[in-house]
Amino acid sequence: MSRPGVRTLGILCLCLALLGAGVYATVRWARSWEGSVTLLANWSGTEREQFEEHVIEPFEEKYRIDVVYQGSSALSQVLAADIAAGNPPDVAVLPGPGELLAYAVDGRLHPLDGLFDARDYDRFWAPEVTVPGEGAHTYWLPVKTGLKSMVWYAGPAPTADSSGPPARWCAGLESGATSGWPGTDWVEDILLQQAGPRVYEDWANGRLPWTDDVVRRAWTTWAGLVGAGDADRVEQVLTTAFDADCAAGRLEHQGSFRAGHWAEEGGDYVHFAEVVPGAGADAGAWEVSGDLAAVLNPTPRAEQLIRYLADPDTALPEYTANRAAAPDTEQDATERQIGTILREPGRTRCWDASDAMPRTTRDAFHQAVLRHFADPTHLDTRLKELDHLRKPQNLPVCGTG
């Protein structure tokens with residue numbers, strides 16, 4: 001049996017050294033992970049891809065915490081089922097504070113006190129909420145925000161006298177499991193501009209009956225503007241997606257997420273108060289929306305994720321409510337203006353009312369606008385049905401920063 005030469009032994013030693021180094025590096029890399037955090041949200045498609053690329057991946061790389069993302073368009077149902085099964089996500093991101101308030105009162109949410117500097121946020125966005133037996137705590141943090149009360153157009157700016165017939169309005173009420181919400185935006189915004197923030201807040205908090213004349217007026221105004229009950233429009237609007245293209249020359253009552261579409265059309269926006277019939281003396285408040293992060297399982301990884309989301313240097317998607325964040329240099333003039341309205345002190349902002357309502361009321365509201373658009377002759381019945389679900393609560397719905 002021949003013995004290996006010096007050269008062969010050298011190569012063998014080098015291979016073993018490289019193999020050992022590779023094994024060591026692999027073990028070291030694997031051990032460097034600090035666990036995982038589960039995150040439930042309703043983002044999908046491009047929205048999810050952007051969040052994963054710009055938020056999740058940098059977080060994982062920096063803290064070596066694996067984010068297990070679960071996206072669902074039926075967010076409320078999935079979260080309720082997970083909680084009932086005793087397996088809630090560590091962090092959930094929900095649209096608006098209404099559903100979160102109910103979970104806080106039930107003891108499902110854990111306070112975020114001390115995890116971020118509350119001075120970076122208007123308390124409207126991250127309020128202290130008083131829960132019976134627990135005192136006042138902050139339970140949610142805005143991850144992304146959106147501006148509403150906008151009428152998009154290309155061409156001459158519309159007014160209350162020049163908004164034209166219903167056919168001029170782009171309207172789509174289809175949105176999968178949450179179909180109907182674009183119609184609730186109309187009703188809410190009309191009531192806000194006609195009756196003012198104080199009445200609006202009472203209504204959103206269940207302290208004003210759905211059968212009140214000011215609420216009824218908002219519904220009838222919406223029906224007239226969009227042509228509810230018109231056989232030529234009903235099927236089209238009920239089956240048109242909320243984000244379908246809207247051609248120049250038409251008008252769209254929709255939120256800031258449409259800025260890109262209307263930029264391509266060379267368009268702009270006006271405040272809804274300039275267009276809605278019967279705007280009152282207190283008109284001009286902005287309806288807003290927001291995706292809010294809350295902790296259901298207070299692990300160190302979940303708390304680290306909240307700290308990261310609140311960090312002014314974190315590149316959150318769309319519009320951040322963090323006043324300490326640096327300006328987004330990639331935004332155009334319209335987008336910068338929207339961001340200013342969302343953050344600037346002194347402006348009256350009110351939560352999307354359906355997002356501030358309890359889940360059962362919100363879902364019923366969605367269905368009611370679909371039925372009302374199809375047949376507006378039964379409005380009194382619809383409002384009485386909604387009023388049976390009214391449950392007074394105490395949530396900061398409007399604020400001035």
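The values are calculated or read from the model by the stated rules, or taken from the named source; none is laboratory data. What you see is a predicted model, and the numbers here were worked out from it, not measured in a lab. Please note: Cβ atoms are built from the backbone with ideal geometry, for glycine as well, and neighbour counts cover all protein chains shown.
It is to be established whether one or more residues within the stretch 286-303 are in a loop (DSSP other than H, G, I, E, B), crowded, with 19+ Cβ neighbours inside 10 Å and assigned by TED's automatic domain parsing to the domain that holds residue 127.
Applying the first criterion (in a loop (DSSP other than H, G, I, E, B)) to the stretch 286-303 yields 296-299.
Cutting the leftovers down to crowded, with 19+ Cβ neighbours inside 10 Å gives us 296.
Now narrow it down to the ones that are assigned by TED's automatic domain parsing to the domain that holds residue 127: 296.
Within the stretch 286-303 (the criterion being in a loop (DSSP other than H, G, I, E, B), crowded, with 19+ Cβ neighbours inside 10 Å and assigned by TED's automatic domain parsing to the domain that holds residue 127), the answer is yes, since at least one residue qualifies.
Of everything in the stretch 48-77, what is among the hydrophobic types (A, V, I, L, M, F, W, C), surrounded by 15 or more Cβ atoms within 10 Å (Cβ to Cβ) and under 21 Å from residue 301 (Cβ atoms)? Give them in sequence order. Talk me through it step by step, then tell me what you get.
To start, the set of residues in the stretch 48-77 that are among the hydrophobic types (A, V, I, L, M, F, W, C) comprises 51, 55-56, 59, 65, 67-68, 74-75.
Still in the list and also surrounded by 15 or more Cβ atoms within 10 Å (Cβ to Cβ): 51, 55-56, 59, 65, 67, 75.
Selection gives 51, 55, 56, 59, 65, 67.
Going through 348, 320, 329, 340 one at a time, which residue ends up being of a type in the set (S, T, N, Q), out of contact with any Phe, Trp or Tyr (no Cβ under 8 Å at 6 or more places or on another chain) and either crowded, with 18+ Cβ neighbours inside 10 Å or modelled with pLDDT of 95 or more (or both)?
Unique residue meeting the criteria: 320.
Being at pLDDT 95 or above, assigned to a loop (DSSP other than H, G, I, E, B) and polar (S, T, N, Q) is the filter here, so list the residues in the stretch 34-77 that pass it.
Scanning the stretch 34-77 gives no hits.
Of all the residues that make up the stretch 228-241, how many are in contact with a strand residue (DSSP E or B) (Cβ under 8 Å, 6 or more places away or on another chain) and surrounded by 15 or more Cβ atoms within 10 Å (Cβ to Cβ)? I'd like the intermediate steps shown before the answer.
Going through the stretch 228-241, the residues in contact with a strand residue (DSSP E or B) (Cβ under 8 Å, 6 or more places away or on another chain) turn out to be 238-241.
Then keep just the ones that are surrounded by 15 or more Cβ atoms within 10 Å (Cβ to Cβ); that gives 238, 240.
Selection size over the stretch 228-241: 2.
Filter the stretch 242-285 down to the residues that are among the small types (Gly, Ala, Ser) and not in a loop (DSSP other than H, G, I, E, B), then identify the one that is surrounded by the most Cβ atoms within 10 Å (Cβ to Cβ).
Kept after step one, since they are among the small types (Gly, Ala, Ser), are these residues of the stretch 242-285: 244, 247-249, 255-256, 259-260, 263, 266-267, 273, 278-281, 283-285.
Then keep just the ones that are not in a loop (DSSP other than H, G, I, E, B); that gives 256, 259-260, 263, 273.
On the way: 256: 25, 259: 23, 260: 11, 263: 14, 273: 20.
Here the residue is 256.
Show the residue pairs that are 6+ apart or on different chains and have beta-carbon atoms under 8 Å apart, the first residue being within the stretch 56-85 and on the phi > 0 side of the Ramachandran plot, the second being hydrophobic (A, V, I, L, M, F, W, C).
64/33
Residue 279: in the same structural domain as residue 171 (by TED's automatic domain parsing), small (Gly, Ala, Ser), at pLDDT 95 or above and out of contact with any Ser or Thr (no Cβ under 6 Å at 6 or more places or on another chain), yes or no? Quick ask: steps written out before the conclusion?
On the way: in the same structural domain as residue 171 (by TED's automatic domain parsing): yes; small (Gly, Ala, Ser): yes; at pLDDT 95 or above: yes; out of contact with any Ser or Thr (no Cβ under 6 Å at 6 or more places or on another chain): yes.
In short, yes.
May I ask you to list the residues in the stretch 192-213 that are without any contact (Cβ under 8 Å) to a residue 40 or more places away in the chain and either farther than 24 Å from residue 101 by Cβ or within 22 Å of the chain's Cα centre (by Cα) (or both)?
Looking only at the stretch 192-213, we keep the residues that are without any contact (Cβ under 8 Å) to a residue 40 or more places away in the chain, and these are 199, 202, 208, 212-213.
Passing the criteria: 202, 213.
Residues that are more than 30 Å from residue 268 (Cβ to Cβ): find the helices (runs of 4 or more DSSP H) completely inside the stretch 305-401 holding 1 or more of those.
Numbers: elements: 333-343, 353-356, 359-374, 379-387.
Qualifying helices (runs of 4 or more DSSP H): 359-374, 379-387.
Is at least one residue of the stretch 106-121 within 21 Å of residue 145 (Cα to Cα) and without any contact (Cβ under 8 Å) to a residue 24 or more places away in the chain?
yes
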